[in-house]
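One structure below.
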Amino acid sequence: MSFDLQPTFRALADPTRRDILMMLADQELTIAEVAENFDMTRGAVKKHLTILQEGQLISVTKQGREAINALNPNAIRPAVDWLRYFETFWDDKLAGLKAAVESDLPHTDESQSHD
């Protein structure tokens, strides 16, 4: 895989940045509008937004003096594809667990007579 996922995973690693992404999934927001939702300075919010932008998870457009932040949903695709590779391991483990649980269940034979 030639796409560098490090900036994306760095951006996704922080819960505040994940919360910001969820907010931007609903609507585009300015730095001030994002900052209203957190107990931190605008400067701290700006740092989070910068890391999201470096991970290409958001785009920033200037409108006059404001910077409008928008989700870039296509940028998460390479990370999702990378994670999806590991689903087969979980599918195999869960199938094995299901088989083990089902083999331990008591088998009932309806053809047996009940006294």
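The values are calculated or read from the model by the stated rules, or taken from the named source; none is laboratory data. Only a predicted model underlies this, so the values are computations on that prediction, with no experimental measurement involved. Reconstructed Cβ throughout: ideal geometry from the backbone, glycine too, with neighbour counts over all protein chains shown.
For this structure, a couple of remarks:
- Flag if MET22 is out of contact with any helix residue (DSSP H, G or I) (no Cβ under 9 Å at 6 or more places or on another chain) and among the hydrophobic types (A, V, I, L, M, F, W, C): yes
- Segment 44-60 residues that are within 19 Å of ARG77 (Cβ to Cβ), paired with ones that are among the hydroxyl-bearing types (Ser, Thr, Tyr) and surrounded by 15 or more Cβ atoms within 10 Å (Cβ to Cβ) (beta carbon under 8 Å, 6 or more apart): GLN53/SER59; GLY55/THR8; GLN56/THR8; LEU57/THR8
- Test set (1) among the aromatic types (Phe, Trp, Tyr); (2) at pLDDT below 95; (3) over 13 Å from the mean Cα position of the chain (by Cα) - PHE9 fails condition number: (3)
- Of all residue pairs spaced 6 or more apart or on separate chains, those with beta-carbon atoms under 6 Å, a first member in segment 65-82 that is surrounded by 12 or more Cβ atoms within 10 Å (Cβ to Cβ) and a second member that is at pLDDT below 90 and not in a helix (DSSP H, G or I) are PRO78/PHE3.
- Where a residue in segment 16-41 is among the hydrophobic types (A, V, I, L, M, F, W, C) and its partner, wherever it lies, is surrounded by 11 or more Cβ atoms within 10 Å (Cβ to Cβ) and assigned to a loop (DSSP other than H, G, I, E, B), with Cβ under 8 Å and at least six apart: LEU21/LEU57; MET23/ASN37
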